[in-house]
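Before any comments, here is the structure.
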Amino acid sequence: MLQASKNSNTIQTTILNGTGFSMQVVESIAGVAEEWDNILEGNNTLLSSAYLMALELYPPFGMAFRYLVLRDLQGCGVGVAYFQIQHFNAANSLNEADDKKSPWLIGSLQKYVKDIVARNVVFNTFVFGNLLLTGENAFYFRKNIMPDDQIINLMTAAAESLQQTLNSAGIQCNVCLIKDFKAIEPNQTRNLLSEKNFHEFCVQPCMIMSIQDEWLSFDDYLGSLHSKYRVRAKRAFKKRQELSCRELGQDEILLYRNQIHDLYMNVAQNAGFNTVNLHVGYFYGLKKYLGEKFQLFAYFRGNVIKAFYTIIHNGHELEAHFLGYDKQENAISQIYLNSLFDIIQHAIEGRVSQINFSRTALEIKSSVGAIPLDMYCYMKHRSHIPNKFIKPIIDYLNPDFDWQPRRPFK
């Protein structure tokens, strides 16, 4: 039985006028865990009460949570929705590398101006979804309850109601971020949110890799690659021969938590844009609450941990979660590339249909077989005039990622 980490009492129960539904909002998943999972029906590990409890107990600094249960007027739960409240400071999130394409003076001036803008973009963000994940992890409704357009209308109404409650309680959350929606046309979701004055934007695409039915082993995958990519893979395997790799159990994750966090920060601080930094106990929490659905694998040189990667088993999909590595060791042993190959092997042996490689490092993920899928986000300020400036600010601060898609398969 999940234990609440904080007050899990209901903070709001509201009849949503004209919808035939009521919503209950709590501050801790423990307050609604059993009903939440019953509604979810095992369909998304990343929305399960176990995952959400791990994140709630070991959150990024300054992050708070709200959990919403939708019920019909007979009191039967029909849907759940997940919200995060996060203080956002663009200057702290923007980690841009030097622009090698621009002359030094122009590049420096551009960075100077962008830094000035970023320092003035500071606000609490009301996030409908999860800043730690890439994918549609904001809500779930029982099948055939209502059409998609009605669900979006209901969810935006619920989000607005909850924002008003937070503002009345002194928690100013005037900016709402909705993430992520797949870019599939025709898409009623995109049109509906645009009509509600949400600004659409797309950051880096999500890299998805399909696992082919004929790949019965990792060797089958290697055999499907063009010669130059197969040679590249074998060269990477050779470079890691002096390293050992093994899965860490719950106690070992706790033991190595500081080293693991340092390795994670090596990668996070090098990302173009990073909205949150993980709690040092986050991976321990995932192992404690998700059990076998979460795995952390570590690379060792002797007795020293040099890198790690994590995966989450989510039904037919394998989630490539956070990783970290020593930069010098990565240059020597090609740890990052090897970790991608290891994850592919896990997926083949686990007979899943696809891997969600998330965002970042697009080109190297493309080189092992992942393809880009645009994921759209939406942002809105509750006041009309500030809302006009949301889109140009996003466009200006959004890092430019230039990459070349690869085609590694025969």
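The values are calculated or read from the model by the stated rules, or taken from the named source; none is laboratory data. Since the model is a prediction, treat every value here as computed from it, not as a measurement. Every residue, glycine as well, gets a Cβ built from its backbone with ideal geometry; the counts of neighbours run over all protein chains shown. For the accessible areas, the whole protein counts, side chains as well, though only heavy atoms, and no ligand, DNA or RNA atoms are used. Shrake-Rupley method; radii C 1.70, N 1.55, O 1.52, S 1.80 Å.
Hydrodynamic estimate: the Kirkwood radius of segment 274-410 over Cα pairs, inserted into Stokes-Einstein at 20 °C and 1.002 mPa s, corresponds to D of 121 µm²/s. If the chain linking LYS143 and ASN277 were pulled fully straight, counting 0.36 nm for each residue of separation and taking away their Cα-Cα distance, it would gain 44.8 nm.
A Förster distance of 41 Å, applied to the separation of the beta-carbon atoms of ARG301 and HIS87, puts the FRET efficiency at 0.60.
Give, in nm to one decimal, the length gained when the segment between GLN269 and ARG235 is fully stretched (0.36 nm per residue of separation minus the Cα-Cα distance).
Full-extension gain reported as 9.4 nm.
For GLN150 and SER168, the difference between the fully extended length at 0.36 nm per residue and the C-alpha to C-alpha distance is 3.8 nm. Coordinate range of the alpha-carbon atoms in segment 290-367 per principal axis, descending: 35, 30, 19 Å. In terms of overall dimensions, segment 193-279 has a Cα radius of gyration and Dmax of 19.8, 57 angstrom. Near LEU263, within a Cβ-to-Cβ distance under 9 Å, what is the net charge of the other residues, with Lys and Arg +1 and Asp and Glu -1? Neighbour charge sum, excluding LEU263 itself: -1. Per atom type, segment 297-410 shows carbon and sulfur on 53% of its accessible surface, probed at 1.4 Å. Applying 1/(1 + (r/R0)^6) with r as the Cβ-Cβ distance of LEU255 and LYS388 and R0 = 51 angstrom yields a FRET efficiency of 0.50. Taken about its Cα centre, segment 307-410 carries a charge dipole of roughly 440 debye when the Cβ of each Lys and Arg holds +1 and the Cβ of each Asp and Glu holds -1.
Computed from the Cα positions only, the extents of segment 121-219 along the three principal axes stand at 59, 34, 23 Å, in decreasing order. Counted over segment 155-309 with a bin width of 10 Å, the fraction of Cα pairs per bin, in whole percents, is 8, 20, 26, 28, 13, 5, 0. The packing ranking of peptides 337-347, 151-161, 255-265, highest mean first, is 337-347, 151-161, 255-265, where packing means the average number of other beta carbon atoms within 10 angstrom of each residue.
For segment 233-353, the alpha-carbon coordinates run over 35, 32, 31 Å along the three principal axes, in decreasing order.
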